[in-house]
Every structure is written in C-alpha cells, then in structure tokens.
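J.: Have a look at this one before I ask anything.
The values are calculated or read from the model by the stated rules, or taken from the named source; none is laboratory data. Computed from a predicted structure; not experimentally measured. When we count neighbours, we look across all protein chains shown, and the Cβ atoms used for this are built from the backbone with ideal geometry, even at glycine. Just the protein is used for accessible areas: all its heavy atoms, side chains included, with ligands, DNA and RNA removed. Shrake-Rupley method; radii C 1.70, N 1.55, O 1.52, S 1.80 Å.
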Amino acid sequence: QGQFVESGGRLVQPGGSLRLSCTASGFVFINHYMNWYRQAPGKERELVATISNADFTTTYADSVKGRFTVSRDNARNMIWLWMNRLKPEDTAMYYCNRSPPDPWGRGTQVTVSS
C-alpha cells in the first residue's frame, strides 16, 4: 500500500506562486501514473493534474490549465506541482496519490488570500 507525504503549502497572495512536493513510498513508483488532487472546505475532492509514468504526459483540470505544471522524478519517487497566478479559488488542501488511489496522506494546505 502506498504512502504519500505532501509539503510546500502555505498562505500566499493572489497572483503568487507555490511549489508543492510529494514523496511516495510503498510501491513501485515508476509503474504508476501519479496525480495531484485538492479539496476545498465543503466541496468534494477533485483531480487537479495527472502525469504518466514513462513518457511524462500530463493532463490538467480546466480550472488550472495554463497555470499549474506537474512534474516527477522516478529516481527519487517524487512529484511536484508548480502553481502560478494563484487565485483565491485555489485555496484547498492538496493531496497526491497514485492511480488507482491508496489511502490518503495528510495533504498540504494552500491558502490564497490578501
């Protein structure tokens, strides 16, 4: 079963940037697509970004396309989410997980506010 440790979230002003990190363990990382999700208060968890395991093909939710970039390092069992031009509606707890998903980690809180 996979384990995930997310970090990098903090309070940031609208228009700012953040980089989130995720370290995965407990499975063969290179065999799996990896994903970033987020959950805002009172809302369901949503898929934000996906990166494939071999050719690093990426897909994004429409709400973040052009602003967020996902990357991975298969040698370090890590993925990152580069977040630019942040908006208040990006405020959420952010989680990483593989496909198919394992139990969730603790996540990292991103708050976009002036």
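J.: Return the residues of segment 41-75 that are among the aliphatic types (A, V, I, L, M) and in contact with a helix residue (DSSP H, G or I) (Cβ under 8 Å, 6 or more places away or on another chain); say none if nothing qualifies.
T.: The answer is 54, 64.
J.: Then there is this: Quick check on residue 43: is it modelled with pLDDT of 95 or more, of a type in the set (D, E, K, R) and within 17 Å of residue 108 (Cα to Cα)?
T.: Details: modelled with pLDDT of 95 or more: yes; of a type in the set (D, E, K, R): yes; within 17 Å of residue 108 (Cα to Cα): yes.
Answer is yes for this residue.
J.: So, in segment 84-114, how many residues would count as being free of Cβ contacts under 8 Å to residues at least 60 places away in the same chain, surrounded by 17 or more Cβ atoms within 10 Å (Cβ to Cβ) and over 13 Å from residue 20 (Cβ atoms)?
T.: So the answer is 1.
J.: Now for a separate question. Checking residue 36 against (1) closer than 16 Å to residue 91 by Cα; (2) open to solvent by less than 50 Å² (accessible area, probe 1.4 Å); (3) in contact (Cβ under 8 Å) with a residue 60 or more places away in the chain; (4) out of contact with any Leu (no Cβ under 8 Å at 6 or more places or on another chain), which single condition isn't satisfied?
T.: (4)
J.: Among the candidates 15, 26, which residue alone is more than 21 Å from residue 113 (Cα to Cα), open to solvent by 30 Å² or more (accessible area, probe 1.4 Å) and in contact (Cβ under 8 Å) with a residue 12 or more places away in the chain? Can you show your working first?
T.: Details: 15 fails: more than 21 Å from residue 113 (Cα to Cα).
So the residue among 15, 26 that is more than 21 Å from residue 113 (Cα to Cα), open to solvent by 30 Å² or more (accessible area, probe 1.4 Å) and in contact (Cβ under 8 Å) with a residue 12 or more places away in the chain is 26.
J.: Kindly indicate the residue of segment 39-72 that is closer than 26 Å to residue 1 by Cα and among the basic types (Lys, Arg) and also most open to solvent (accessible area, probe 1.4 Å) among those meeting that condition.
T.: 45
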